[in-house]
Amino acid sequence: MPYIFNKYYPLRSFVFLIGEALLIFFSLLLVSWLFKGTAILRIDLAICVQQALLVTLVFQSCLYFLDLYDFRSNFSMTETAVKITQAFGAGCIILGAFYYFMPAVTISSRIFWSGYFIIYILILLWRAAYNYVFKHRLFVQSIIIFGTGKLARDITREIEDRYDSPYRILGFAGAGRPDFNPRGIDVYQDMSVVQNLFPPERLDRIVVALDDRRGGTPIELLLNYKLQGVAVEEGARFFERLTGKIMVEKVDPSAIIYSDGFAIGKIQSYLKRGSDIILAVLLLLLASPIMLLAALIIKLESPGPFFYSQERVGKGRQTFNVLKFRSMVQDAEKNGAIWAAADDARVTRFGKFIRKTRIDELPQLFNVLKGEMSLVGPRPERPVFVEQLKKVIPFYDIRHDIRPGVTGWAQVCYPYGASEEDALRKLEYDLYYMKHISLALDVLVIFKTIKTVLFAKGGR
């Protein structure tokens, strides 16, 4: 599962996540033991374990939804303490609901609040230690980048702009100066100097990021490093693993044809379709009160139907009518199709709200049940825009080889956009999803979508 452990949870972050879970879990067990004594081992150890597991799950879920597992940016300890307080406050409310409906897992007040304060202090100390690891770039891989052009620049930017980057660039090898080099990393034009300064024991990985590799790749040098245990990775592949997207400009047909990805087996296809149906039915049942209320408000606010049907391109280039709640005034496109824009005058007041919260997308669950869409996949586009984009964006049409989705990898990784440039950037994420398509990635997308909806991010 490269998309999980390399982009969002490199091994260092995975250890942090598990460590934090163990801190919460065993802190509660320890407090229970202090209050109940050895009787806990004979009588209610199983119940205490269940109680500790529930608190761990709820608290870590709240930490996740408040972006406390997103370490790309540096947060001060004061900001971290405030966010932890907010997360644990929300967790207490959620646990209160659990305890009301499931009294068997209720923890006594003195154990809960004693455990709460111990957990709070330990989590702060744990995160302070982890912040030290980030700040001093500990437990990172040392790399050399072969190249100084556009690809090398893009890779360097991704590494240097992330506070939690798991890589440290020791140097560049190649002619010219890198366009992006904020730390003034040395550039070596003589390959023999590279070999002398950086013996294999100093390096973990070499990234070959040459814009034009014809005749410029130091094969013998790379082979020598490879045979001595240094990982050698092609730049575009490294960038893909680092960012969760595929550089469209660097893709050629052979890279897709001979790739291990871009395929879904029959069993996986059946599992995906089965999970789509089950989840769509459950979501429709849960969301039905919200949908009924939204339909009523739409009818009261402006004349016209509450549903809006629009032709989109689906799997196999077949068109279908996607169903949404109407968020614009009636006959908003009487003069033809145009890209949506920020502060679009055609959008109603309630329409802005349901777009921001993605409530307008809920009727697409009916499209999922009909088999026209999946819960997760590339977002379906309108035929008129598809014809435009196919002419200017390479490989754009292959996104129609799978069912479009209500949500998708591009939607949770890239901010809302409505232009040819945005379509190109989103395609990079769509291609990555198609290459690594799996139920595990779908679960990750759904979790990120929930966070996006809860905090009204990205809608327009």
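Assorted remarks:
- Filter pass, Phe75 being part of a loop (DSSP other than H, G, I, E, B) and surrounded by 14 or more Cβ atoms within 10 Å (Cβ to Cβ): yes
- Complete set of residues in region 94-117 that are closer than 17 Å to Leu30 by Cβ and crowded, with 17+ Cβ neighbours inside 10 Å: Ile107, Ile111, Phe112, Ser114, Gly115, Tyr116
- Of the helices (runs of 4 or more DSSP H) that lie entirely inside region 377-455, those containing 2 or more residues that are assigned by TED's automatic domain parsing to the domain that holds Thr319 and among the aromatic types (Phe, Trp, Tyr) span 420-435.
- A count restricted to region 393-437 and to residues that are within 20 Å of Arg355 (Cβ to Cβ) and acidic (Asp, Glu) stands at 1.
- Qualifying positions in region 173-201 - assigned to a loop (DSSP other than H, G, I, E, B) and either outside the structural domain of Phe146 (by TED's automatic domain parsing) or not charged (D, E, K, R) (or both): Gly174, Ala175, Gly176, Pro178, Phe180, Asn181, Pro182, Gly184, Ile185, Gln189, Phe198, Pro199
- Counting only residues that are at positive phi and touching a strand residue (DSSP E or B) at 6+ places or on another chain (Cβ under 8 Å), region 124-158 holds 2 of them.
- In region 316-330, the residues that are touching a residue at least 12 places away in the same chain (Cβ under 8 Å) and surrounded by fewer than 18 Cβ atoms within 10 Å (Cβ to Cβ): Gly316, Arg317, Thr319, Asn321, Val329, Gln330
- Residue within region 403-415 that is farther than 20 Å from Val443 by Cα, touching a Lys or Arg at 6+ places or on another chain (Cβ under 9 Å) and modelled with pLDDT of 85 or more present: no
- Pairs linking a residue in region 285-312 that is more than 16 Å from Ile354 (Cα to Cα) and in contact (Cβ under 8 Å) with a residue 40 or more places away in the chain to a residue that is of a type in the set (Phe, Trp, Tyr) and surrounded by 13 or more Cβ atoms within 10 Å (Cβ to Cβ), with Cβ atoms under 8 Å and 6 or more positions apart or on different chains, are Glu311/Phe320; Arg312/Phe320.
- Any hit, region 374-382, residues being over 21 Å from the mean Cα position of the chain (by Cα) and modelled with pLDDT of 90 or more: yes
- Test for Leu365: is it under 18 Å from the mean Cα position of the chain (by Cα), under 29 Å from Ser269 (Cα atoms) and surrounded by 15 or more Cβ atoms within 10 Å (Cβ to Cβ): no
- Check on Asp186, surrounded by fewer than 17 Cβ atoms within 10 Å (Cβ to Cβ), among the acidic types (Asp, Glu) and either under 30 Å from Ser32 (Cα atoms) or touching a strand residue (DSSP E or B) at 6+ places or on another chain (Cβ under 9 Å) (or both): yes
- Residue that is modelled with the highest pLDDT [pool: residues in region 18-57 that are β-branched (Val, Ile, Thr) and surrounded by fewer than 14 Cβ atoms within 10 Å (Cβ to Cβ)]: Ile18
- Among residues of region 18-29 that are of a type in the set (Val, Ile, Thr), those with a Cβ under 6 angstrom from a residue that is modelled with pLDDT of 95 or more, sequence gap 6+ or separate chain, pair up as Ile24/Thr56; Ile24/Phe59; Ile24/Ile119.
- Residue within region 54-63 that is small (Gly, Ala, Ser) and either under 30 Å from Gly174 (Cβ atoms) or part of a helix (DSSP H, G or I) (or both) present: yes
- Filter result for Thr407 (polar (S, T, N, Q) and either more than 29 Å from Val347 (Cα to Cα) or touching a residue at least 60 places away in the same chain (Cβ under 8 Å) (or both)): no
- Some residue of region 133-142 being surrounded by 15 or more Cβ atoms within 10 Å (Cβ to Cβ) and farther than 30 Å from Glu20 by Cα: no
The values are calculated or read from the model by the stated rules, or taken from the named source; none is laboratory data. In this text, all values refer to a predicted model and were calculated from it rather than measured experimentally. Glycine also receives a Cβ, built like all others from the backbone with ideal geometry; neighbour counts cover every protein chain displayed.
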